[in-house]
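Nothing in this text is a laboratory measurement; each read-out follows from the coordinates by a stated rule. Computed from a prediction, not measured in an experiment: that's the story for all the values here. Positions of Cβ are generated from backbone atoms using ideal geometry, with glycine treated the same way; all protein chains shown enter the neighbour counts.
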Amino acid sequence: MTDRPEDRADREGISCEEAVERVYEFLDGELDDGWMDRVREHVEICRRCTPHFNFERVFLDHIRGKGLRPEKSELLRKRIRAALDSE
């Protein structure tokens, strides 16, 4: 029986939950080298996390492309949270 990539990631690296908890710090390059490597390795082999990370990367790139800094805009943060909560 062959392991699925996400099963192997859970056993050998970090879990999906650990990777997703660090998605924004990872995408912003704010993790230390060890965590950056672990998250990168997880996302490279996990079919469940890769689409999530790709979506978040595109989302952040779009916001930055509009000249917005999400960490500095409380109104933007509230609007995004409200939109996500209504889904």
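Numerical summary
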| quantity | calculated |
| --- | --- |
| Added length on full extension, which subtracts the Cα-Cα distance from 0.36 nm per residue, D37 to E56 | 5.0 nm |
| Likely footprinting exposure, H42, H52, fewest C-beta neighbours within 10 Å first | H52, H42 |
| Extension gain from D28 to E44, taking 0.36 nm per residue of separation minus the Cα-Cα distance | 4.0 nm |
| Environment charge at D33 (Cβ cut-off 14 Å; Lys +1, Arg +1, Asp -1, Glu -1) | -2 |
